[in-house]
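Each remark here refers to the structure printed beneath this line.
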Amino acid sequence: MTDAPTRPIKVLIAKPGLDGHDRGAKVLARGLRDEGFEVIYTGLRQTPEMIVSAALQEDVDVVGLSILSGAHMTLLPKITAGLREQGLDDVLVTAGGIIPDDDIPALEQAGVSRVFGPGTTIREVGDFIRANVHRREE
Amino acid sequence: MTDSSTGTDATLAERARSGDRRALARLLTEVENRTRKGEEALRALYPLAGGAHLVGITGAPGSGKSTLVASLVSEARKRDAPGAPRPVAVIAVDPSSPITGGAILGDRVRMQIHASDRDVFIRSMASRGHGGGLATATVAAAAVLDASGFPLILIETVGTGQSEVEVAAIADTTLVVQAPEMGDEVQAIKAGLLEVADIVVVNKSDRPGADRTAAQLRAMLTVGAQHDRAAAAAGSPRPKRPEVMLASALTGAGVPALLAALDRRAAARAGNATDEAALKRAEAQLSGILAERLRARLNDAAHRQSTQATLRRIARHDLDPYSGADELLAGLSGSDLA
């Protein structure tokens, strides 16, 4: 069989809110594919409920949120709270996009493990995920 | 082995059956990773499955499979549709990279309108090196969803070419999705994908050329009644004679008729004592598991050395692969195969 000895890490890439700029999310999805991750891409204009539901059904290890609209302080805490509510507190949550440094401590407080700013390389994201993902016992 | 969020093996299966979507998702992961836990859950759940209608949806990349699946889900979830609203599950397979093992699973993009509907469960699967348009664990995942109370399960394959026909071996009904203007009558008489269709859907019927494509497919796929009679009399295999239907996932035209056609097939199957699709699915599962078990035996501590030695002799052309296989089989004792 061609099965890898360890299963690939599953990552959900989602764009919450109303901005329609998904180039970054798509480039990241593609890059993480090349890093060996299984990437589920949900597309644009997702509500927090849709993102939580997709994370639950797909049983992902990581949720990566791309947001450029400025609504991150409203939307991201709703998503992390929704994940916790569904018992998905072992899912690693990261964010990227245009997020001012001043907002990062509050987002981390809300359960976002890492905020990646412009200029981040795919490799950095991949390394962060590999180092911090919570793997379940098989 | 257990943690607080998943509980024990038995309760994971039980919780999935009682409607716990989180438990269902976790169980599907175990099954997908082909863990012992997953295998044990399947042993418990398999006797409880078998009632769902498994519909395979296949066709070329970009023919509109995911959008059509989303439309079928919408139709099945409508209050006024016959037999609806009923829970629907979707398994959407996309290819894994043969180089890195990574994958982009993008079928959800078309289906996210159903994300907050509790009675729609969508699960993406990477093919993980399995050919044929599915993943190794797809049929097992379908059994878990079946036992968990989903009477309609839509299985979307990877975008296929002309001969990825495996889905027909595991589905009760196979839809082959075609887009208009994708080939002439010669394409329609080639062997392969179109031959395994129970229903051919000419999708994007809002586009020009759809009627013509459907007419061409009908003309080519429905000929041969005389041949069928002769084949039936001789007991030789007969090609399927698929229905050709038009649909537009964009406008919704033709989707109610398509779901109705699926339901007619499900009803016919329910009253059928010798269910050929179920037999074929049993065979596909059994042969896959037997091959896997045999491979595991041949590579266990007791046999690894002789297996490796045989492989080297075949590589050097000192031994032909048929004789090698016979030798290895003869080397397994009865208890090994038990």
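Kindly provide the set of residues from region A:120-129 that are within 14 Å of chain B (Cβ to nearest Cβ) and surrounded by 13 or more Cβ atoms within 10 Å (Cβ to Cβ), ordered by number. Within region A:120-129, A:Ile122, A:Val125, A:Gly126, A:Ile129 qualify. Out of the residues in region B:38-49 that are surrounded by fewer than 23 Cβ atoms within 10 Å (Cβ to Cβ) and within 19 Å of B:Arg293 (Cβ to Cβ), state the one that is farthest from the chain's Cα centre (by Cα). My answer is B:Glu40. Residues in region B:290-338 that are at pLDDT 90 or above, acidic (Asp, Glu) and part of a helix (DSSP H, G or I): B:Asp326, B:Glu327.
Scanning region B:200-216 for residues that are touching a helix residue (DSSP H, G or I) at 6+ places or on another chain (Cβ under 6 Å) and surrounded by fewer than 21 Cβ atoms within 10 Å (Cβ to Cβ) yields one hit, B:Gln216. Looking at region A:34-119, the helices (runs of 4 or more DSSP H) lying wholly inside it that each contain 1 or more residues that are within 14 Å of chain B (Cβ to nearest Cβ) sit at A:48-58, A:72-85.
For A:Arg30, are the conditions met, namely being part of a loop (DSSP other than H, G, I, E, B) and either at pLDDT below 95 or surrounded by fewer than 21 Cβ atoms within 10 Å (Cβ to Cβ) (or both)? Judged against the criteria, A:Arg30 is not a match.
Applying the condition of being modelled with pLDDT under 90 and within 15 Å of B:Ala70 (Cβ to Cβ) to region B:112-138 and asking which residue is farthest from the other protein chains (Cβ to nearest Cβ) yields B:Ile113. Residues considered: B:Glu185, B:Glu164. Of these, the only one that is at pLDDT below 85, buried (at least 17 other Cβ atoms within 10 Å of the Cβ), under 23 Å from B:Pro239 (Cα atoms) and not basic (Lys, Arg) is B:Glu164. Contact annotation: residue pairs with Cβ atoms under 9 Å, 6 or more positions apart or on different chains, pairing a residue in region B:33-50 that is of a type in the set (S, T, N, Q) with a partner that is surrounded by fewer than 19 Cβ atoms within 10 Å (Cβ to Cβ) and part of a loop (DSSP other than H, G, I, E, B), are B:Asn33/A:Asp3; B:Asn33/A:Glu138; B:Thr35/A:Glu138. Sub-6 Å Cβ pairs linking a first residue in region B:100-120 that is more than 21 Å from A:Phe37 (Cβ to Cβ) to a second residue that is assigned to a helix (DSSP H, G or I) and among the charged types (D, E, K, R), at least 6 apart or interchain, are B:Ser116/A:Glu49, ordered by first then second residue. Taking the criterion of being touching an Asp or Glu at 6+ places or on another chain (Cβ under 9 Å) and of a type in the set (D, E, K, R), the only residue of region B:126-153 that qualifies is B:Arg128.
Scanning region B:237-265 for residues that are among the β-branched types (Val, Ile, Thr) and touching a Lys or Arg at 6+ places or on another chain (Cβ under 9 Å) gives a single hit, B:Val244.
For the condition β-branched (Val, Ile, Thr), over 29 Å from A:Gly17 (Cα atoms) and in contact with a strand residue (DSSP E or B) (Cβ under 9 Å, 6 or more places away or on another chain), B:Thr100 does not qualify. Is it fair to say B:Pro47 is at pLDDT 90 or above, out of contact with any Cys (no Cβ under 6 Å at 6 or more places or on another chain) and of a type outside the set (Asp, Glu)? Here the answer is yes, as B:Pro47 does meet what is asked.
The values are calculated or read from the model by the stated rules, or taken from the named source; none is laboratory data. What you are looking at is a predicted structure, and each value in this text was computed from that prediction instead of being measured. No Cβ is skipped: glycine too gets one built from the backbone with ideal geometry, and neighbour counts run over all protein chains shown.
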